[in-house]
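Take a look at the structure set out below.
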Amino acid sequence: MPLIREVNYPYMEYYEAVIRKAVEGKGPKGAPPVNVMFKAIPKYTGNNLVPDSVRIIAYSSNDGGKTFNMDVTIKNTLGEQPPPAVRTGW
């Protein structure tokens, strides 16, 4: 899906790195490596071919999201974004 360059980096890359750490077992508190189910869901307005935002849902699939759970929305716009925040079971 097309993202504005300033959205892909640093925002999308940040969340992808958090997910990668979960898979590699490099999370806080010595969390074990987990299998992660990942969805990136674009939100479009009308016939626009570029999404307004992308919702990322990721969770540890081996324990139903108890070890790792992420649900964030990234706006696909230029300008100030809220700082990255992740809700996880870590």
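The values are calculated or read from the model by the stated rules, or taken from the named source; none is laboratory data. Everything numeric here is computed off the predicted structure, so don't read it as measured data. Because the Cβ atoms are built from the backbone with ideal geometry, glycine has one as well, and the counts that use them run over all protein chains shown.
Every residue, every condition in (1) closer than 23 Å to residue 68 by Cβ; (2) of a type in the set (Lys, Arg), yes or no:
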{"residue": "11", "(1), (2)": "yes, no"}
{"residue": "29", "(1), (2)": "yes, yes"}
{"residue": "33", "(1), (2)": "yes, no"}
{"residue": "52", "(1), (2)": "no, no"}
{"residue": "55", "(1), (2)": "yes, yes"}
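Would you check which residues across segment 6-32 are part of a loop (DSSP other than H, G, I, E, B) and crowded, with 16+ Cβ neighbours inside 10 Å and list them?
Residues satisfying the conditions are 27, 31.
Take the residues of segment 54-90 that are outside any strand (DSSP E or B) and β-branched (Val, Ile, Thr): which is modelled with the highest pLDDT?
For segment 54-90, the residue satisfying everything is 67.
Any chance you could count how many residues in segment 18-47 are under 18 Å from residue 75 (Cα atoms), small (Gly, Ala, Ser) and out of contact with any helix residue (DSSP H, G or I) (no Cβ under 9 Å at 6 or more places or on another chain)?
1
Kindly indicate which of 42, 51 is under 28 Å from residue 2 (Cβ atoms), surrounded by 19 or more Cβ atoms within 10 Å (Cβ to Cβ), of a type outside the set (A, V, I, L, M, F, W, C) and modelled with pLDDT of 90 or more.
Testing whether each residue is under 28 Å from residue 2 (Cβ atoms), surrounded by 19 or more Cβ atoms within 10 Å (Cβ to Cβ), of a type outside the set (A, V, I, L, M, F, W, C) and modelled with pLDDT of 90 or more leaves just 51.
Mind counting the residues in segment 43-82 that are of a type in the set (Ser, Thr, Tyr), under 13 Å from residue 12 (Cα atoms) and without any contact (Cβ under 8 Å) to a residue 60 or more places away in the chain?
Selection size over segment 43-82: 2.
Every residue in segment 23-42 that is in contact (Cβ under 8 Å) with a residue 24 or more places away in the chain and on the phi < 0 side of the Ramachandran plot, please.
Passing the criteria: 27, 28, 31, 32, 34, 35, 36, 37, 40, 42.
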